[in-house]
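Inspection log for the structure reproduced underneath, given as structure tokens.
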Number of protein chains: 4
Amino acid sequence: MHMTVTVAVAGASGYAGGEFLRLAQGHPHLELGALTAHTQAGLPLGAVHPHIPALAHRTLLATTIDNLAHHDVVVLALPHGASAEIAAQLPATTLVIDLGADHRLTDPHEWEHYYGSSHAGTWPYGMPELIRAHGPAQRQLLGDTRRIAVPGCNVTAVTLATQPFVASPHIDTTALTAVLAVGYSGAGKTLKPHLLAAEALGSAQPYAVGGSHRHIPEIVQNLSIAGAENVAISFTPVLVPMSRGILATVTAPPAPGVTPATDELHAHLTATYAHEPFVDVLPPGVWPSTAATTGANTAYVNVTYDQRANRIVMMCALDNLVKGTAGAAIQSLNIAQGLTEQAGLTTTGVAP
Amino acid sequence: MHMTVTVAVAGASGYAGGEFLRLAQGHPHLELGALTAHTQAGLPLGAVHPHIPALAHRTLLATTIDNLAHHDVVVLALPHGASAEIAAQLPATTLVIDLGADHRLTDPHEWEHYYGSSHAGTWPYGMPELIRAHGPAQRQLLGDTRRIAVPGCNVTAVTLATQPFVASPHIDTTALTAVLAVGYSGAGKTLKPHLLAAEALGSAQPYAVGGSHRHIPEIVQNLSIAGAENVAISFTPVLVPMSRGILATVTAPPAPGVTPATDELHAHLTATYAHEPFVDVLPPGVWPSTAATTGANTAYVNVTYDQRANRIVMMCALDNLVKGTAGAAIQSLNIAQGLTEQAGLTTTGVAP
Amino acid sequence: MHMTVTVAVAGASGYAGGEFLRLAQGHPHLELGALTAHTQAGLPLGAVHPHIPALAHRTLLATTIDNLAHHDVVVLALPHGASAEIAAQLPATTLVIDLGADHRLTDPHEWEHYYGSSHAGTWPYGMPELIRAHGPAQRQLLGDTRRIAVPGCNVTAVTLATQPFVASPHIDTTALTAVLAVGYSGAGKTLKPHLLAAEALGSAQPYAVGGSHRHIPEIVQNLSIAGAENVAISFTPVLVPMSRGILATVTAPPAPGVTPATDELHAHLTATYAHEPFVDVLPPGVWPSTAATTGANTAYVNVTYDQRANRIVMMCALDNLVKGTAGAAIQSLNIAQGLTEQAGLTTTGVAP
Amino acid sequence: MHMTVTVAVAGASGYAGGEFLRLAQGHPHLELGALTAHTQAGLPLGAVHPHIPALAHRTLLATTIDNLAHHDVVVLALPHGASAEIAAQLPATTLVIDLGADHRLTDPHEWEHYYGSSHAGTWPYGMPELIRAHGPAQRQLLGDTRRIAVPGCNVTAVTLATQPFVASPHIDTTALTAVLAVGYSGAGKTLKPHLLAAEALGSAQPYAVGGSHRHIPEIVQNLSIAGAENVAISFTPVLVPMSRGILATVTAPPAPGVTPATDELHAHLTATYAHEPFVDVLPPGVWPSTAATTGANTAYVNVTYDQRANRIVMMCALDNLVKGTAGAAIQSLNIAQGLTEQAGLTTTGVAP
């Protein structure tokens, strides 16, 4: 029996929406229905996403409930704030997957502090690999819901690198630092001067330095779920001249009383992700480059202990649009719909 | 009176040597004499550095003492190990400036641990801005020597960002972290697979992760000179697709007992570098991009305190080949020869 | 019934070989057998192609007949000269696919002039879309052979753009010009100074200017097969800072007596490729970018007539490693093995 | 005697304006007065051009006649249409230099056809190297005017490559083709989707294909002045992922009756530009890369004859913002003000 799941995509004209289309187009069980946009409604999709010729003749519709309803799945790739409003009008039986931030945070104060609007409620979190120190496994939550909040791309990189060492505990989570080299597609398609090619080429540009990035509370939340009592993280993203990719370098001191060894850390990392199809632990001493992840749903991770600095260094590379966004959405969708988790996803990157 | 200083350059075919030529060519008081190379001896310079047409017809000579002697200044842009041997044969009255690592470290054990060869001795350090907690100012040392060891490029970025907060003390130097986005010219012209354009484009590549980078003991040395009692630093360089530039993100917890405030940190940074011609403190909340430093001898710095993470974030952007190498050499040469420190250098970058 | 075809790859460590592995790994009917290399024999594949984690634990074998024999298909991704020698020792019943140049040219004098060695003979040409003015269709030749010569990447771009207008005739093939913006993976993995990232970033580098490029006789051959009586083409490749992609801009005057119109040219182009699964004719006035082709087997083409210049402009964008090399190999393999031509290939690019 | 010339810049916030500031800042005889902008008036210059720290505290003024008047020189870096209006209100004794297109074309019909507005009149053309087959030398015209129209960047590249062969005549100017690899700063700072970094990185994007580019009539005009009777040129610009640089590949058949030889062409090119300080003829067989021109006022040119294609290939590399725009403005200003032509300009590029 061949199962077909119909999917509508709201915000299909942006980078996250476009990446979902790219993956859905190659998925053996998904059938794309309504594709909607805001200012670009009315255009053929070929004018917006020329890399998907199979959909070039589709027309972008307006983002209305009428257009989105009557699909098995609705994917929301919208600015924050917009998702909640639409989701509220969709049937409870429709699987709604939000690529935006609206339903990720559990703490309304955190939401209000970082986003400045009222909290729309929390949905099960679309990171199947999330370690839950207590309660049901994350995959069980995803298998049992009609609402999924897909993680932030930077959050996924930091969480996958760090979470194995939280509950063990190997690391002191109150003194975390993370610096991320990030590609420009992560900044979206909005027209801002610093996102111009002439500004980006030949430059490394930091932003949201000093604790203001909205992905911080989401990281804190994840590591707390993974078993951390207190989490404090210095988080600095740096835009570098590539269209895709995140390389996260996370460091932490050893947990009090722990004398770490790289071998043991590596073995623990390997054991943690032994059954994860989309997390690849590299051999000791081998560090990931983002190019290897391009187009793939793979997150490469590794760890070492720097004895002289007395610091554990954890690294993760992934494609911000795939494992960081649309791939995670497909993976979660597969779980929620009872499909094979790997359906429509690849671990093979397009490199060099 | 117009003063002319004759300069020979050994290793003129590499990136560091080439950058010294670029700057020397525009310097009002320098006259380039012998330009030497190893495998490329015999070639016209135009075949190696086509961006300096004024020198295109010069022929690269062999790197011999005969060729190098009889100049006021000899600049060594050689692989480590090679400088020491040549320097030993040059007259004590010749100003010798080593762009390599041979004479930077004071501690022979550190040298041997990181470089695996015997120590060649220590020369005055070519960073005029280095804060010395004790003894004479760095400029005085440079004004009074015929031997100068130019700092490592990553070291300069980390030192300039961090040193103002060491002796105050604002930061706890035993828990430093530094992640650097670095351009490919910093890796030199050696033919290695990971330096190929096809590998670099679209990728962020970390290397020397976990404490093995040779710039680490040099950073420790500098911050100790600046007044730190103990220094431990987790140091991670990440190659990103740009030809030039370093963006260093350094973090540290506040020093014990200190409750920092961004305003106060910024004021302290501003005061520290108030008279430095080549260190530019950006306004509060403005973070440097490397593009602004291209071709200039400027280091841009800034600082903030992230209260939630309880961490001070210090940032520095510079051009690895200019302020990171050849510009620092010119600046030190100017001091040693009694020229205006800014001669032949610009603070204006070639951007975008 | 599920058909499985076993494939060995000689030269699996290079970019062309690696790209074949990437595609073969996702192909529903191919099973990868021996993967061989020269200097990298003995290494795990993960050390060479980290983007294909599913093959990371495979070991690269030596390139010997013993290792390559006993597969249904042998793919040769070797320097020119090497393929012919190995191919001669493989059974006539094995499908041998040469990604190199050895068996592309029919004219021994052309071969000797451009390659300087003796001619190894000609195999059916792995471009299913090649228009043959006379004799059997190209797909028929490919369906009926055990030896296939895969085209050069630049050749494919120029041929697909130009061939529809040759026999009609719309263009004067004696005054063709082609300038190609090409990514660095097309230059292979050999360590040469001009292929270093520091040289490539921020630069456009022409090479083989003035008629010396080895792809020229291959273009001439193709257009002659497509019906041109005489072909003369000025061909200039320009390396630009991207890892993949070719954008070919081809121009020609109208054929004698022809008064062209863009509409009619576009209609003719559309009709020519109407049934081609991997050639996509863009709407009038829409020009292709290479990013849309990344990882896809798609060639985008378009045409216009510039009345003032009295010149027809034909453009083609493709991924040099896919439609330009390994994708063409898979497509031809599919035909030769009686599989669906599209098996294992996608038209969807990884963009942005 | 030290001569000081005061300069105001209208449109100082854009890339062309910013580049003029960069050069003027280092010019021994220029003193920058009013710097004006439109939407960014009121901002400190440091917020707009962080690469010029010496001007960081200057405030951008509104673009009014009051602000611009009372300077020796006014530079207009404005959208086309705007320059003419302002220039008309400035005193005839003020040297006005227009970086825009308004006053370049002599033929009102050409202007109206390509720009769609009424013609503002023609000013002496700021290309000192322009060959004039008849009448006074271009430098004489520039030495004798208070109004200068600076050429378009692509035009300069094509003209410098081609003009030596026009009057000789070596080439048939009725069958020219030009394909240019161009960096993104040439497209200006306007916020357009295809100029976003995520679109540019990893892609080659053609635009204005088929004869619509506004630089075409300007090329035709220049080559006519250089002695061509008829000019027809197929002109295709391709945006490639670099911030600066133009590499123009121009081809033409030999003029009727001419049997060209590369040696003779090269000698003619060398002789033509023998006394030009900013045009550098590379040795036979050496082709220019754009990186070598970064920040320099140098145009590198070369030529060859491709016998098989029966086509002469002429190439030029330059920095679009320097020799292509602001450097040409400084050079012309120097001539008009009676300063040394090279003042404030360098031939040394910032590479790699």
In nm, spacing of pseudo-spin labels at B:HIS57 and C:ASP144 (7 Å Cα→C-beta vector): 6.5
For the protein assembly as shown, convex hull of alpha carbons as volume per residue, Å³: 175
Chain C: calculated mean residue ellipticity at 222 nm from DSSP helix runs of at least 4, using -39500 (n - 2.57): -6000 deg cm²/dmol
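Could you report the buried accessible area between D and C, both sides summed, computed with a 1.4 Å probe and given in Å² to the nearest 100?
The D and C chains share an interface burying roughly 3300 Å².
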Dipole in debye (nearest 20) - the protein assembly as shown, about Cα centre, beta carbon charges: Lys, Arg +1; Asp, Glu -1: 0
Put +1 on the Cβ of every Lys and Arg and -1 on every Asp and Glu Cβ in the stretch B:154-320; which of B:THR270, B:ILE246, B:TRP287 then has its Cα farthest towards the positive end of the dipole? B:ILE246
Toward the positive end of the charge dipole of the stretch D:154-320, about the Cα centre and with charges on Cβ (Lys, Arg +1; Asp, Glu -1), which of D:PRO169, D:THR304, D:THR190 goes farthest? D:THR190
Toward the positive end of the charge dipole of the stretch D:77-140, about the Cα centre and with charges on Cβ (Lys, Arg +1; Asp, Glu -1), which of D:ALA137, D:TYR114, D:GLY81 goes farthest? D:ALA137
Report, for B:GLY227, each distance to the same residue's label point in the other copies, shortest first and in nm; define the point 7 Å along Cα→Cβ. 4.3, 7.2, 8.4
Note down the magnitude of the dipole of the stretch D:154-320 about its Cα centre, charges +1 on Lys and Arg C-beta and -1 on Asp and Glu C-beta and zero elsewhere, to the nearest 20 debye. 480
Might you work out the accessible area of D:ILE233 for me, using a 1.4 Å probe with all protein chains in place, and round it to the nearest 10 Å²? 10
Could you tally the net charge around C:VAL73, taking each other residue with its Cβ under 12 Å from the Cβ of C:VAL73, Lys/Arg +1 and Asp/Glu -1? -1
Taking the label point as lying 7 angstrom from Cα along the Cα-to-Cβ axis, what are the distances from A:GLY257 to the corresponding position in the remaining copies, in ascending order and in nanometres? 3.0, 9.6, 10.0
Share (percent) of C-alpha pair distances in chain C greater than 36 Å works out to 17
Around C:VAL96 (Cβ within 9 Å, Cβ-to-Cβ, excluding C:VAL96; K/R +1, D/E -1) the net charge comes to +1
Within a Cβ distance under 11 Å of D:ASN154, other residues only, what is the Lys/Arg minus Asp/Glu net charge? 0
Ignoring any ligand, DNA or RNA, what whole percent of the accessible area of the stretch A:154-320 comes from carbon and sulfur when the probe is 1.4 angstrom? 52
I need the semi-axes of the equivalent ellipsoid of the stretch B:1-67: take the C-alpha gyration tensor, multiply each eigenvalue by 5, square-root it, list largest first in whole angstrom. 19, 14, 9
Roughly what would the spin-label model give for B:SER168 and A:ALA92, points 7 Å off Cα along C-beta, in nm? 5.6
Quick check: the angle from helix C:15-25's long axis to the longest principal axis of chain C, C-alpha only, nearest 10 degrees? 70
So the compactness index of the stretch A:5-123, its C-alpha Rg divided by 2.2 N^0.38 Å, takes the value 1.07
Between 0 and 90°, nearest 10: helix B:216-225 axis offset from chain B longest Cα axis: 70
Using a 1.4 Å probe on the protein heavy atoms, what percent of the accessible area of the stretch A:29-137 belongs to carbon and sulfur? 55
The helix B:262-272 Cα axis meets the longest alpha-carbon principal axis of chain B at an angle in degrees, between 0 and 90 and rounded to 10, of 30
Between D:ALA69 and C:ALA137, what is the spin-label point distance in nm, taking each point 7 Å from the Cα along the Cα→C-beta axis? 7.7
Run through the other copies and list how far each one's label point is from that of D:SER117, in nm with one decimal, shortest first; the point sits 7 Å from Cα along Cα-Cβ. 3.9, 6.1, 6.4
Dipole in debye (nearest 20) - chain A, about Cα centre, beta carbon charges: Lys, Arg +1; Asp, Glu -1: 500
A:ASP319 accessible area, 1.4 Å probe, all protein chains in place, Å² to nearest 10: 0
Calculate, for the stretch B:5-123, the solvent-accessible area per residue in square angstrom, rolling a 1.4 angstrom probe over the heavy atoms of the protein chains. 39
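The values are calculated or read from the model by the stated rules, or taken from the named source; none is laboratory data. Here the structure is a predicted model, which is why all the values come from computation and not from measurement. Here the Cβ is made from the backbone with ideal geometry for all residues, glycine too, and neighbour counts use every protein chain on show. Side chains are part of the model used for accessible areas, which takes the heavy atoms of the whole protein and leaves out ligands, DNA and RNA. Shrake-Rupley method; radii C 1.70, N 1.55, O 1.52, S 1.80 Å.
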